[in-house]
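Note sheet for the following structure.
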Amino acid sequence: LEDGLPGRPAARDGLEGHPPTPIAGDKRQFEINPRGAGSQWPGIAQSASWKRPAQGRELPRLVALSPHRPVVRRSRGIAEALSQPPVPGKSKIQNRKSKIAEDGLRRPSSGAQPLPAPSGSAYHRAMPPSSSADRPCVRPRIVVLGSADRSPVSGQGDRLREVIEQHAEIVLWDDSAQADLAKIEADYVVVLGGDGSILRAARQMGYRQLPVIGVNLGKLGFLADLSPDEFIESFPRICTTQPRIVEHLMFECHHEPAGGAAAAKSCQLGLNEVAILGGPPFAILEVHLYVDAELVTTYSCDGLIVSTPVGSTAHSLSAGGPILRKDLQAFVISPISPHTLTNRPVVDSADRVYELVVPRPHAGTSVVIDGRLLGTLAPGDRVKIRRAEPRFMLVEAAGHAYYRTLRQKLGWSGSLFGADKPRS
């Protein structure tokens, strides 16, 4: 302290003298500054300050900190400890330590247990890390979906089943794609096949989606990205760790007839795209597009595709649409062979409602969802597409990043005539 207060000597070196006691009418700010962790006041903060309150108000609180204790607040007890008259036979410092020890502010000695936290204060005790031997080994529950009539699936089935049973518990093996998965409790769904098999699995799971591990037994395999050998290598790691799971946008497609009959309405969950296809007699088709009930344009085309990011590498890509990263929340509207060359694909938010109306459909004009026929269109029928509540979840294996998949599946290459390629 730079100077003492009335009735107390100055204390320029730590706490060698009595700390000043607040005196009525004194409004100056002052500090108590012990000399760090080795000071004679180990239980009090290294810097504490207060001002004398207005007349008649309670003394302000002094915060005491200790590395072994949570924050403890005292007001009157500290002031009394600092102002107690000395007990004969004890030094001033011993007297102050005794009083503070009675208030529970003394730092515990080396090897002693910390004092219990005062009631009402927040207290956290770090728990010792448990060893892996203390935790029970839980085998994940697996549903396997495939198609037994496809020769690649039937040929690899026994080999893959042996690997799955070695590391997990198979709760259902369904080759018919007809099993009801609503009440099946499982951790992962292993799909054997190609992208079509994964679309069928997403439709089979309905509004209760489970994380999918795709094993590519088909041709291209954007979604079913793991080969059988890669699955055998990575499956044990998936069972013993927390793999990265990427969520993908799904949609609901509502077909509302022009007459407004509620019984004729239909709704289907989809993952890839909704396509309006002209059908026979294969003449040009007019399609009105509305976004949030606002007219966007009228396409003169052979058809129109509304695609999710997952479907942007499918039918939409063939129609000239862009590729969207699979975890984006957006839709792509791509006309099929538009008569007006300025009609280009459009990308918009998945939070909007998209509405398609064909005023004069052909006899075979139809609505197709993920390759499956939803129904044919009559004049004035409305097709509404909106974001669905569930998300399609795909397990991403180590080393199978998004652009690596695109580069390999689409045959991208920036070099010619066998030039050196960069490392992948």
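The values are calculated or read from the model by the stated rules, or taken from the named source; none is laboratory data. All values derive from a computational prediction rather than experimental measurement. In this analysis, Cβ positions are derived from the backbone assuming ideal geometry, glycine residues included, and neighbour counts consider all displayed protein chains.
Please work out if residue 189 is buried (at least 16 other Cβ atoms within 10 Å of the Cβ), in a strand (DSSP E or B) and at pLDDT 95 or above. Here the answer is yes, as residue 189 does meet what is asked. Return the residue satisfying two criteria in turn: it lies in segment 224-259 and is over 16 Å from residue 212 (Cβ atoms) and aliphatic (A, V, I, L, M), and of such residues it is modelled with the lowest pLDDT. Ranking the candidates gives 258 first. Assessment of segment 333-342 against the conditions (within 28 Å of residue 198 (Cβ to Cβ) and touching a His at 6+ places or on another chain (Cβ under 6 Å)) yields no matching residue. Residues considered: 184, 164. Of these, the only one that is surrounded by 11 or more Cβ atoms within 10 Å (Cβ to Cβ), modelled with pLDDT of 75 or more and in a loop (DSSP other than H, G, I, E, B) is 184. Just one of the listed residues (354, 299) is at pLDDT 95 or above, out of contact with any Gly (no Cβ under 8 Å at 6 or more places or on another chain) and closer than 18 Å to residue 252 by Cα, namely 354. From the list 108, 129, 118, 136, which one is in a loop (DSSP other than H, G, I, E, B), within 27 Å of residue 393 (Cβ to Cβ) and modelled with pLDDT under 65? Answer to the selection: 136.
Name the single residue that is nearest to residue 409 (Cα to Cα) among those in segment 309-323 being in contact (Cβ under 8 Å) with a residue 12 or more places away in the chain and out of contact with any strand residue (DSSP E or B) (no Cβ under 6 Å at 6 or more places or on another chain). Among residues in segment 309-323 that are in contact (Cβ under 8 Å) with a residue 12 or more places away in the chain and out of contact with any strand residue (DSSP E or B) (no Cβ under 6 Å at 6 or more places or on another chain), the one nearest to residue 409 (Cα to Cα) is 313. Considering segment 294-317, and only residues there that are among the aliphatic types (A, V, I, L, M) and within 32 Å of the chain's Cα centre (by Cα), the residue that is surrounded by the fewest Cβ atoms within 10 Å (Cβ to Cβ) turns out to be 317.
Strands (runs of 3 or more DSSP E) fully within segment 210-302 that include at least 3 residues being touching a residue at least 12 places away in the same chain (Cβ under 8 Å), touching a Ser or Thr at 6+ places or on another chain (Cβ under 9 Å) and not acidic (Asp, Glu): 212-216, 251-256, 273-277, 285-291, 294-301. Quick one: which residue in 386, 404 is of a type outside the set (A, V, I, L, M, F, W, C), within 28 Å of residue 198 (Cα to Cα) and at pLDDT 95 or above? Exactly one residue qualifies, and that residue is 386.
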